[in-house]
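What follows is a short report on a single structure.
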Amino acid sequence: MKVMIAVTHLLGTGHLSRALTLARGFIKAGHTVQVASGGFPAPQLHADGIGLLQLPPLRSDGVDFTRLLAEDGSLAGEAYLARRQTALCQALEDMQPDVLITELYPFGRRSLRKEFLTLLQTAHALPRRPVILSSIRDILAPPSKPEKAEKADAVIAGYYDAVLVHSDPAATRLEASWPVSELLAGKLRYTGYVAPPAAGPHPHQAGSGEVLVSAGGGSVGTPLYQCALDAARLMPGTPWRLLVGGTDAKARIADFSKTGSPALLEPARKDFRQMLSHAAASISMCGYNTALDLLQAGTPSVLIPFDAGNEKEQGLRAASLAPLNGIEVVRTADLTPETLCAAVKAVLHAPPRVAGGFRFDGAARSVEIAAELAGGRG
């Protein structure tokens, strides 16, 4: 079976990370996969063995997802967007996949609707139309207006065979963040969480006994890092390490180094998940992939949900995890060095947490669902 996954991450790298995990699931089952990535390259993510097509990259202008910036930092114009669209559709026609998966769209990426709709129309015009699936995380950004959900429903009805919801329905159902119509309910397929196998211990026990501060692979989290640098001074007996993401990581680290904080500073690392097994505590935002990493590792965790630009997704996820042992949630409005240290001390003294009862086999289940739908087409 040939599978194409179209994904564009605009701020962090969580969307691409989840798409790559899905791709590895298909490859493990013996299928051929191409991931068409429309965000900026993320070298810290493992893409070995995966066919990766890099489109002319885009990123959002901070948290303004209506302003898309090109590779040189300028506002992406029609010609630049047309290059992406042409490359994406040409890849589809060249591959002639049995399955096409769009990550997040049509529940998000509305600023790229023309690109995605053209891709869907091209797929429907192929000699043998592929099974078309939407791939979404456990919690979506709730629609600001009812018509946004209605428009998503219309696209689903017109082009899609099913919607893969990468959540354990025993923990979080899509209704928690998105209005599920009767039409949409009939298309939903819950897969369990899409996570790579638990990382296990680090061969060199990197991060042992440390407070590990991270904000994903994008150029975000500066207020969190600045607060952590000051907080590290208030806990001199505990080592703090900040892993800084983004294409501008070196410049940000240089600026942070000027504070004289005792915290260790370095770029985001590929072995981050293994480091969690040894960390005394983790401080992070609450994106999908980070939350799963923390649940799998059982690391005592302080969550500061990303809420800039009226973002609600991470806050909803953090609230769902807050009742678990060893998890504290601090809103950005309440974030100070003192509140951060208090939360760290609270999770350090909390009872151990285990990830019992959650399903992390979402990639394998997604492969099964895609194969069932493709096989049913004859």
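The values are calculated or read from the model by the stated rules, or taken from the named source; none is laboratory data. Everything numeric in this text was worked out from a predicted model, so none of it was measured. Glycine also receives a Cβ, built like all others from the backbone with ideal geometry; neighbour counts cover every protein chain displayed. Accessible surface is based on the protein model in full, side chains and every heavy atom, while ligands, DNA and RNA are left aside. Shrake-Rupley method; radii C 1.70, N 1.55, O 1.52, S 1.80 Å.
Among the candidates 367, 344, the residue that is surrounded by 21 or more Cβ atoms within 10 Å (Cβ to Cβ) and touching a Lys or Arg at 6+ places or on another chain (Cβ under 9 Å) is uniquely 367. Here 297, 268, 280 are screened, and the one residue that is under 16 Å from residue 12 (Cα atoms) and touching a residue at least 12 places away in the same chain (Cβ under 8 Å) is 268.
Looking only at residues of segment 260-272 that are assigned to a loop (DSSP other than H, G, I, E, B) and loosely packed, with under 15 Cβ neighbours inside 10 Å, we find that the one that is modelled with the lowest pLDDT is 270.
Among the residues of segment 298-349, just one is farther than 20 Å from residue 240 by Cα, outside any helix (DSSP H, G or I) and among the polar types (S, T, N, Q), namely 325.
Residues that are buried (at least 22 other Cβ atoms within 10 Å of the Cβ), touching a residue at least 40 places away in the same chain (Cβ under 8 Å) and over 12 Å from residue 100 (Cα atoms) within segment 25-39 comprise 25, 26, 38, listed in sequence order. Checking each residue in segment 1-24 for being within 19 Å of residue 366 (Cα to Cα) and open to solvent by 20 Å² or more (accessible area, probe 1.4 Å) picks out 1, 2, 14, 15, 17, 24. Taking (1) over 19 Å from residue 342 (Cβ atoms); (2) more than 25 Å from the chain's Cα centre (by Cα); (3) surrounded by 20 or more Cβ atoms within 10 Å (Cβ to Cβ); (4) not β-branched (Val, Ile, Thr) in turn, residue 276 satisfies each apart from (2). On inspection, residue 366 does not qualify as part of a helix (DSSP H, G or I), over 21 Å from residue 134 (Cα atoms), in contact (Cβ under 8 Å) with a residue 40 or more places away in the chain and not basic (Lys, Arg).
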